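Encoded as structure tokens, the structure appears first; notes follow it.
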Number of protein chains: 2
Amino acid sequence: MKFGGTSVANIERIRNVAAHVKREVEAGNEVAVVVSAMAGATNQLVAWCRELSPMHDAREYDAVVASGEQVTAGLLAIALQDAGVSARSWQGWQIPLKTDAAHGSARIADIDGNLLIERMSQGQVAVVAGFQGIAPDNRIATLGRGGSDTSAVAIAAAVKADRCDIYTDVDGVYTTDPRIVPNARRLERVSFEEMLEMASLGAKVLQVRSVELAMVHNVRVFVRSSFDAPDAPQAGPGTLPPGTLICDEDEIVEQQVVTGIAYSKDEAQVTLRRVADKPGVAASIFGPLAAANINVDMIVQNVAPGGAHTDVTFTVPVGELDRAMKVLEEARGEIDYEDLQGARDVVKVSVIGIGMRSHAGVASKAFKALAERGINIRVIATSEIKISVLIDAAYTELAVRTLHSVYGLDAA
Amino acid sequence: MKFGGTSVANIERIRNVAAHVKREVEAGNEVAVVVSAMAGATNQLVAWCRELSPMHDAREYDAVVASGEQVTAGLLAIALQDAGVSARSWQGWQIPLKTDAAHGSARIADIDGNLLIERMSQGQVAVVAGFQGIAPDNRIATLGRGGSDTSAVAIAAAVKADRCDIYTDVDGVYTTDPRIVPNARRLERVSFEEMLEMASLGAKVLQVRSVELAMVHNVRVFVRSSFDAPDAPQAGPGTLPPGTLICDEDEIVEQQVVTGIAYSKDEAQVTLRRVADKPGVAASIFGPLAAANINVDMIVQNVAPGGAHTDVTFTVPVGELDRAMKVLEEARGEIDYEDLQGARDVVKVSVIGIGMRSHAGVASKAFKALAERGINIRVIATSEIKISVLIDAAYTELAVRTLHSVYGLDAA
């Protein structure tokens with residue numbers, strides 16, 4: 001079970017979390033719980049570090065910031081004991097949950113689950129401080145913001161859990177953002193691959209890394225609402241309460257062609273006009289960007305009429321646009337282009353579905369529907385299970401609603 | 001160097017602490033710093049634990065509460081680095097600073113100073129989270145409230161420090177409380193034994209346990225103000241800035257007969273009238289109190305006229321009076337007394353000085369001076385280096401001022 005910052009924001013909510021955990025224990029489950037810091041706590045700690053030094057030592061930042069989850073873990077253990085449930089808190093170094101040396105945004109290297117499994121088998125709930133572990137230098141390392149989801153999936157894998165329940169402020173994964181499409185449907189099940197695309201494409205329910213980890217270790221992740229009454233009757237054995245199960249595609253019986261529509265406003269478009277079309281031109285563009293650590297997505301190259309020149313378009317994270325433009329201006333002599341254009345007012349809309357693998361014509365349906373609404377497509381990128389289009393940001397809602405409807409995702 | 005909660009209460013003050021540390025580093029010293037939690041942080045954490053459960057697990061309480069010092073240690077390390085001083089933070093389990101198993105009020109069992117010494121010799125300031133260590137169960141243990149002084153002295157002993165500087169909100173130890181006697185003098189030097197008496201008798205400058213530890217390990221402790229300008233010129237080699245040095249009595253050249261006057265309002269008087277005077281009567285009174293874990297002080301027994309009965313008077317901490325009275329009422333049959341009286345409106349005033357060992361007539365001077373002021377002495381207790389009297393609380397200020405003056409302690 002994993003509970004985020006708003007679920008443990010104060011003492012009353014921590015008691016509510018304890019009630020959720022107690023219900024699972026009383027149902028006969030062995031339980032590990034991963035908790036985030038109380039909402040706001042991490043922001044305060046980060047702000048102090050920044051105020052002292054914009055270039056603070058990541059190891060000290062980790063020592064400071066990790067304290068937030070330690071507090072919540074101890075408090076939840078106390079709340080559980082007070083509710084009559086045997087429990088203890090665990091910090092990363094006690095488990096141990098080992099990470100690599102990348103302080104501030106470390107990756108989990110190895111978790112020894114034996115101690116946790118031993119205590120859980122004795123009926124003791126393991127309350128684990130999320131978002132942190134111990135680096136090779138014997139110092140605390142944090143996993144980067146939102147890392148508690150990743151902690152939870154990794155702990156679930158280490159203790160060979162049947163399921164990793166992520167309690168969040170929504171009751172599952174939807175076919176699209178319900179704020180845009182009010183009749184979006186909650187998905188009962190989504191495959192790891194689809195969720196990975198939905199997460200990377202802007203669905204905010206789960207961290208991308210946690211989904212990757214779940215896929216690699218085949219950890220079934222169940223997303224459900226922490227606002228459900230903790231004592232509400234749960235569904236019977238083998239079935240689940242309202243939520244979304246993220247699992248292997250073999251577990252998904254009735255496969256839909258399209259599972260969901262995602263969108264991301266974190267995109268900016270870069271276009272290089274009339275680039276001299278010679279061997280190595282792609283390397284001369286993307287080499288300097290990679291060297292500057294700028295992520296590039298959705299690359300399209302069109303041969304211009306005549307053949308001696310080509311237009312190259314791609315997207316970068318919107319926060320990196322200025323830096324990307326600067327890098328490309330500095331490399332102008334190397335690349336040899338006529339014009340450089342950047343645009344922020346774009347959005348990437350994606351159609352995702354594992355069923356695309358076996359169905360033809362999925363993409364053309366999207367293009368046709370968008371064209372009928374007069375929505376111009378700037379860039380197209382496709383993979384085995386998704387189609388992404390870059391369009392003017394003003395058409396975001398219209399495009400999402402159109403695609404949601406055309407693929408039959410609207411609730412009855 | 002040790003800095004308490006008010007000295008690290010916000011980012012600005014943490015920077016000020018960094019400036020103090022930098023000054024010592026630039027003077028050529030190898031430095032370890034022990035820090036408390038930011039003022040108020042510990043109280044908030046304790047309040048959360050209590051709100052969740054009045055009977056909370058001390059191990060979880062420790063995990064929660066210890067986070068306050070971890071935050072300060074990391075922040076001070078960042079502040080030092082920002083000021084160009086090499087530094088890193090240390091948590092108890094990283095040093096390791098081992099404690100016994102008494103979670104919530106643990107005692108230090110052993111400190112391995114090797115890692116700290118190695119890093120300090122490389123010019124890296126060791127910033128140690130005070131008030132905590134690691135217990136035999138591999139979990140964090142705290143040393144009890146105010147334990148950061150004890151941490152500091154223990155770390156100083158472990159790294160074989162020349163001196164342990166305690167920065168606090170006063171500029172040293174005074175001959176008595178300056179709020180009562182405005183012309184009290186700051187003491188340049190006090191012996192461990194005297195400071196131990198002053199600390200146990202109510203002078204709030206240092207924790208009793210830290211002074212005991214300093215005496216056992218012969219750690220010279222220097223009490224000075226954290227409000228001094230960090231860049232003020234320090235006294236030359238071999239001398240010290242304003243403050244009080246607590247050291248071995250051999251280091252104190254000009255020994256005074258009386259060093260200071262202390263008082264404690266944390267006393268309550270218990271009197272048993274007409275106790276049957278038979279062998280074992282003391283055991284029948286103090287056995288049940290010890291069993292109830294009540295500390296007894298200042299015991300006086302007077303044979304009443306006739307010889308068959310005796311009056312017994314002693315003091316207990318004022319917070320334990322009700323419990324002590326109850327214990328004694330329940331043991332009435334056993335003890336066989338006529339009347340039981342308790343009084344809260346009393347104060348213990350003490351005259352302390354290592355010179356008393358070699359000077360006669362010190363005590364009678366006090367009794368005479370108090371008598372001349374019409375102050376009635378309820379109980380007297382003496383040791384080799386102190387005389388304590390229990391008097392009516394209303395006379396506290398008068399008694400302290402009288403004794404301060406009669407022993408020549410007033411500033412010129």
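The values are calculated or read from the model by the stated rules, or taken from the named source; none is laboratory data. This is a predicted model, so every value here is computed, not measured. Cβ: placed from backbone, ideal geometry, glycine included. Neighbour counts: every protein chain shown. Quick note on the areas: whole protein, heavy atoms, side chains included, nothing else; ligands and nucleic acids left out. Shrake-Rupley method; radii C 1.70, N 1.55, O 1.52, S 1.80 Å.
Odds and ends about this structure:
- Intensity falloff of the range A:240-293 expressed as log10 I(q)/I(0), Debye formula with alpha-carbon point scatterers, at q = 0.16, 0.24 Å⁻¹: -0.76, -1.11
- Modelled spin labels at B:S86 and A:A291, positioned 7 Å past Cα toward Cβ, are 3.3 nm from each other.
- The residue list A:S284, A:M55, A:A102 was ranked by how far each Cα lies along the charge dipole of chain A toward its positive end, using unit charges on Cβ atoms, and A:M55 comes out on top.
- Using 0.36 nm per residue and subtracting the Cα-Cα separation, the extra length available between B:A27 and B:D336 on full extension is 104.5 nm.
- Accessible area per residue for chain B is 42 Å², calculated with a 1.4 Å probe on protein heavy atoms, without ligands, DNA or RNA.
- DSSP beta bridge pairing in the range A:1-152, given as percent antiparallel to the nearest 5: 35
- Approximating the spin labels as points 7 Å out from Cα along Cα→Cβ, the B:D100-to-A:D228 distance works out to 4.8 nm.
- One equal scatterer on each Cα of the range A:2-250, no solvent, Debye formula: the resulting log10 I(q)/I(0) at q = 0.07, 0.08, 0.17, 0.18 Å⁻¹ is -0.22, -0.29, -1.35, -1.49.
- Accessible area buried by the pairing of A and B, both sides summed with a 1.4 Å probe, works out to roughly 3200 Å².
- Among beta bridges identified by DSSP and lying wholly in chain A, the antiparallel ones come to about 70 percent.
- Reported to the nearest whole Å, the Cα centre-to-centre distance from the range B:51-75 to the range A:229-295 is 40.
- Residues within the reach of a label modelled at B:K278 (point 7 angstrom out along Cα to beta-carbon, backbone nitrogen below 11 Å), restricted to the range B:314-334, are B:334.
- For chain A, the longest principal axis of the alpha carbon atoms and the long axis of helix A:281-291 meet at an angle near 30°.
- Ranked by how many other beta carbons lie within 10 Å on average, peptides A:70-76, A:81-87 from highest: A:70-76, A:81-87
- Rounded to the nearest 10 Å², the accessible area of B:F131 at probe 1.4 Å: 10
- Helix axis angle, B:147-158 relative to chain B longest principal axis, alpha carbon, degrees: 60
- Ignoring the sites themselves, chain B has its longest run without GluC sites (Glu not before Pro) in a DSSP loop having at most 16 other Cβ atoms within 10 Å at B:1-187.
- Whole-Hz Karplus values for the range B:68-83 come out as x, 6, 4, 4, 4, 4, x, 5, 5, 4, 5, 4, 5, 4, 5, 8 Hz, taken residue by residue from phi with 6.51 cos²θ - 1.76 cosθ + 1.60 and θ = phi - 60°; glycine and proline positions read x.
- Take each residue in B:89-95, count the other chain C-beta atoms within 10 Å of its C-beta, and the mean is 4.
- For the range B:255-412, fraction of C-alpha pairs farther apart than 28 Å, in %: 29
- Convex hull volume of the protein assembly as shown per residue (C-alpha atoms, cubic angstrom): 212
- Averaging the sequence gap over all C-alpha pairs within less than 8 Å and six or more residues apart, then dividing by the number of residues, gives the range A:367-412 a relative contact order of 34 percent.
- Using a 7 Å Cα-to-Cβ projection, A:D112 label spacings across copies, nm, ascending: 1.5
- Carbon-plus-sulfur accessible fraction, chain B (probe radius 1.4 Å, protein heavy atoms only): 48%.
- Virtual spin-label span in nm between A:N218 and B:S405, 7 Å along Cα→Cβ: 9.0
- Coupling constants for the range A:179-188 follow from the phi torsions by the Karplus curve (6.51 cos²θ - 1.76 cosθ + 1.60, θ = phi - 60°), and in residue order they are 6, 9, 10, x, 9, 5, 9, 6, 8, 5 Hz; glycine and proline get x.
- Dipole magnitude (debye, nearest 20) for the range B:210-365, charges at Cβ of Lys, Arg, Asp, Glu: 240
- From phi via Karplus (6.51, -1.76, 1.60), per-residue ³J(HN,Hα) for the range B:309-321 in Hz, x at Gly/Pro: 10, 9, 9, 10, 10, 7, 10, 9, x, 4, x, 9, 4
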